[in-house]
Amino acid sequence: MDPSKSRDSAESTRVIQFPNDVLERILSLIDSHRDRNAVSLVSKAWYNAERWTRRHVFIGNCYAVSPQIVARRFPNIRSVMLKGKPRFSDFNLVPPNWGADVHGWLAVFADQYPQLEELRLKRMTVTDESLKFLARKFHNFRVLSLLSCDGFSTDGLEAIATDCRHLTELDIQENGIDDISGNWLSCFPENFTSMEVLNFASLSSDVNFDALERLVSQCKSLKILKVNKSITLEQLQRLLVRAPQLTELGTGSFLQELTAHQNEELERAFIGCKYLHALSGLWEATTLYLPVLYPACTNLTFLNLSYAALQSEELAKLVAHCPRLQRLWVLDTVEDVGLEAVASSCPLLEELRVFPADPYDQDINRGVTESGFLAVSLGCRKLHYVLYFCRQMTNAAVARIVQNCPGFTHFRLCIMKPGQPDYLTNEPMDEGFGAVVKTCTNLRRLGVSGLLTDLTFEYIGRYAKNLETLSVAFAGGSDLGMKSILVGCPKLRKLEIRDCPFGNEALLSGLEKYESMRSLWMSACKVTLHGCKTLATQRPRLNVEVMKDEEIDDGQSYKVYVYRTVAGPRTDAPSFVHTL
Amino acid sequence: RTRRGDLNTDLRLGLSIVSPDAQKDNWIGPSVSKQREQRQDWPPIKSLLRTTLAVAGKADTNVHNVHNNDNSDRRRTSLFVKVYMEGVPIGRKLDLLTLHNYDDLISTLAHMFTTSITCPNGDRADHAKSLHVLTYEDREGDWMMVGDVPWEMFMTTVKRLKITRADRC
């Protein structure tokens, strides 16, 4: 420390002498929160300059920090992104009323950030009262994005539409909400013109079409419009002719009996959408009306067909018109043949997600198999993000896939039957996933499935040096598996595990690790209360939260959620959550 | 240990899961069962997609079938709809996938219910001779005359059939 100390202080003196307002001016150009976090570590002066110039704060775990701490450090925030519940709450593994209520945050923000403009929430609980509070207290509010949130109803949206005069973005996605009526859309004022992003695709109630049409006509800056299923093809046509500037479109229902004339008009409307690069919605789309889309597909980079159960032929014809496609989400009704068509039509494809149309169907003759995935890997060499639900897979196929596309950053394979081996060799899928981590050196996110022994985790620990997120279910043989991960993966941030035979020894092997991670989730594993208590005692800067697992009879099974925090134990924990 | 409620193991799944060697080293948790399906926590798909698919699966089985006229690998092997005749409380069920067009439909029903039904493509003059006409309930809940739309489109919207007396239409 000593020889360099004088050099350091000389350099830091030079930094301090850098005029503050110039420093702030420069730093205000930095947006990425990771860069900013790095900047703040340089010196006290830089820390201060950074905190005064930060406009956007990203909080990956709402319980890792308190709103008071945030407000104290960053006085000038205009935009907040907050994430709440652990990801497994998407799959009903977290009981209702668990927490992550945004209201506490809003109360502090109303006081400290009255100029707040943007709020993006993911997996938070948001009540109608909170939405009304938001609409009332923040006069400059512009952007509301709610993803996988719960607790509110369309009544809350009415308050937003009525009172947020400068709203530019209302993005409501996949929330567990009480959809009472579509009246909220009619609450936008008559002279409302500011909307740029409107997404209400996941709401089901009918909206007043005249109100929607008027809104679309008046908001000349509207770039992203995603309507819900209640909007018909005929209505869609009327919206499109008023908004040819759209860059992203989510259609309504794509099934309606149109006359030849209406069909023509719709086709012309799509031809007029020259700037469209993303398309979604398409509920119940069939061969009958898909062709009207073809003219709009030339510049398409993202196509989301998760709600259109297309057959292979239909998909093949559609993607033939999408040469520039980069991201594709489909249902497995398209089967391997459909994926082969994608492979030959979309050489620029980077991301593929295939969802199961019939998730509980055990029939192995449905859906996609290893050959569809393989075909895409052969035709789309830029592929780096895959989420693939299938009923059968082989180690050999996985190995070949990553050989074809070694650039994978996100590899999420879900063989739907838990504990299913390679269907040809009957062996565990260890070698397949081993090949993934050995070959894909840029791998950041991994989802494993099928029959897996500790060997898979040994491979992951040894090779996956850039891995940040790992999801494990129904896998592993002993504590060794989880240990390998915790000891081996230096960049691990999120680890979520369910139904695996990992116990206290495995849990405690991560003692050195958890403070460098965002969180750990374990449910239906072999961890006991004693193990969790030990962890909590030895690491006071972690919150170790346990919930009784109601699904399991022995009374000793717990769901464990461990995360680092500077805010101490939760003050709002419900009775079923115990912080040890 | 047992999962509460997991009293029925699905034998078919239980047998196919694991090879004898692997079983020594591995934890195989509770197999996929009806209970897991009810808990809806596996496979890991988000609830909006899950509910959309559940609704689509039950109500729109029609949609998948229409385009598989050529290949034998049908998504579904049957499409049964209820058929009632006016005045008869007990209905019948008819698999529309066994039929190819409206003529098939009319002749099958005429046979099933032992009556004459107006053929939608036929001469309107014949109308007077038939005792019954065929109507159907579409996806929007409206009752319509059979025969106005192309057969393929009819297959995607029909929910049930009713044979009504000709003098009522």
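Among all the lysines, which ones have a C-alpha under 30 Å from B:Lys162's C-alpha, if same-chain residues fewer than 8 places away are not counted? Filter leaves A:Lys229, B:Lys58, B:Lys82, B:Lys93, B:Lys129.
On the beta carbon distance between A:Val22 and B:His100, with R0 = 51 Å, the FRET formula returns roughly 0.05.
Partner shielding of A:90-98 amounts to 3, given as the average count of beta-carbon atoms from other chains within 10 Å of each residue beta-carbon. Using the Cβ-Cβ distance between A:Glu512 and A:Ser43 with R0 set to 30 Å, the FRET efficiency works out to roughly 0.60. Taking the DSSP bridge list for chain A and keeping only pairs wholly inside it, about 15 percent are antiparallel. Between the C-alpha center of the stretch A:223-258 and that of the stretch A:52-115 there is a gap of 34 Å.
Using C-alpha pairs under 8 Å with a sequence gap of at least 6, the mean separation divided by the residue count of chain A gives a relative contact order of 6 percent.
For the pair B:Phe80 and A:Arg214, label points projected 7 Å from Cα toward Cβ lie 5.1 nm apart. Spacing of the modelled spin labels on A:Gln403 and A:Gln538, each 7 Å from Cα toward Cβ, amounts to 4.3 nm. When the helices of chain A are scored as -39500 (n - 2.57) per DSSP H run of n ≥ 4 and the total is divided over every residue, the value at 222 nm lands at -9500 deg cm²/dmol.
Near A:Trp329: Cβ cut-off under 11 Å, other residues only, Lys/Arg at +1 and Asp/Glu at -1. The net charge is +1.
Between A:Asn140 and A:Ala260, the FRET efficiency estimated from the beta carbon spacing at R0 = 45 angstrom works out to 0.35. Each of A:Thr439, A:Thr298 was scored by other Cβ atoms within 10 Å of its Cβ. Listed from fewest to most, they are A:Thr298, A:Thr439. What would the Debye equation give as log₁₀ I(q)/I(0) for the protein assembly as shown at q = 0.09 Å⁻¹, counting only Cα atoms as equal point scatterers? So the normalised log intensities are -0.97. Taking every residue in A:417-423 and counting other chain Cβ atoms within 10 Å of its Cβ, the average works out to 6. Rank the residues A:Glu550, A:Glu545, A:Glu427 as a footprinting-exposure proxy: fewest other Cβ atoms within 10 Å of their Cβ go first. Result, fewest neighbours first: A:Glu550, A:Glu427, A:Glu545. Taken as Cα centroids, the stretch A:287-310 and the stretch A:124-178 sit 30 Å apart, rounded to the nearest whole angstrom. As a rough footprinting exposure proxy, the listed residues A:Lys559, A:Lys223 were ranked by other beta carbons within 10 Å of their own, and the order from fewest upward is A:Lys223, A:Lys559.
Starting from the Cα gyration tensor of the stretch B:80-165, take the square roots of the eigenvalues, sort them a ≥ b ≥ c, and report rounded, prolate or oblate (rounded when a/c is under 1.5, otherwise prolate if a/b is larger than b/c, else oblate). Rounded shape, in that the Cα axes give a/c under 1.5.
For A:Leu282, neighbours were defined as the other residues whose beta-carbon sits under 12 Å from its Cβ, and their charges (Lys and Arg +1, Asp and Glu -1) total 0.
Any read-out appearing in this document is the output of simple, stated calculations on the displayed coordinates, not a laboratory observation. These numbers were taken from a predicted model, which means no experiment stands behind them. Heads up, the Cβs are rebuilt from the backbone with ideal geometry, glycines too, and the neighbour counts pull from every protein chain shown.
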